[in-house]
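Structure first, commentary second.
The values are calculated or read from the model by the stated rules, or taken from the named source; none is laboratory data. Model, not experiment: these values are computed from the prediction. Cβ atoms come from the backbone with ideal geometry, glycine included; neighbour counts cover every protein chain shown.
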């Protein structure tokens with residue numbers, strides 16, 4: 001009985017370093033997905049873009065107009081580009097979807113994409129490149 005317990009403990013001790021990096025990556029991914037769950041969604045058409053101030057105004061028939069601050073960490077996607085886009089790739093009148101969070105009175109845009117640009121697939125590619 002003691003011999004069997006010592007073998008199990010030895011196996012656990014030997015396997016822990018091999019599994020630890022995978023567990024850390026899984027926890028990191030879950031934290032990333034958890035952050036996204038707290039984001040609010042907004043759909044509408046772009047009414048104004050300010051590339052100097054890094055803001056975009058979007059108007060929705062249901063919710064009205066909102067102005068989002070776009071940071072360098074924001075994920076931007078358009079149909080005509082394979083990878084990540086820039087704010088300059090969007091045009092006034094484009095239909096877009098946004099994931100945003102509220103920081104006091106400011107609205108911080110985490111993701112902005114055109115419908116049909118498949119942002120999930122492009123996000124995964126960008127995440128793989130950064131690792």
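Side notes on the structure shown:
- Against the conditions (1) at pLDDT below 90; (2) within 18 Å of residue 126 (Cβ to Cβ), residue 87 satisfies every one except (1).
- Residue in the range 92-111 that is modelled with pLDDT under 90 and either outside the structural domain of residue 44 (by TED's automatic domain parsing) or on the phi > 0 side of the Ramachandran plot (or both) present: yes
- The combined condition, being surrounded by 10 or more Cβ atoms within 10 Å (Cβ to Cβ) and either on the phi < 0 side of the Ramachandran plot or modelled with pLDDT under 95 (or both), is fulfilled by residue 36.
- Total residues in the range 44-82, condition at pLDDT below 95 and under 13 Å from residue 114 (Cα atoms): 8
- Subset of the range 42-78 (residues that are free of Cβ contacts under 8 Å to residues at least 40 places away in the same chain, in contact with a strand residue (DSSP E or B) (Cβ under 7 Å, 6 or more places away or on another chain) and buried (at least 17 other Cβ atoms within 10 Å of the Cβ)): 55, 74, 76
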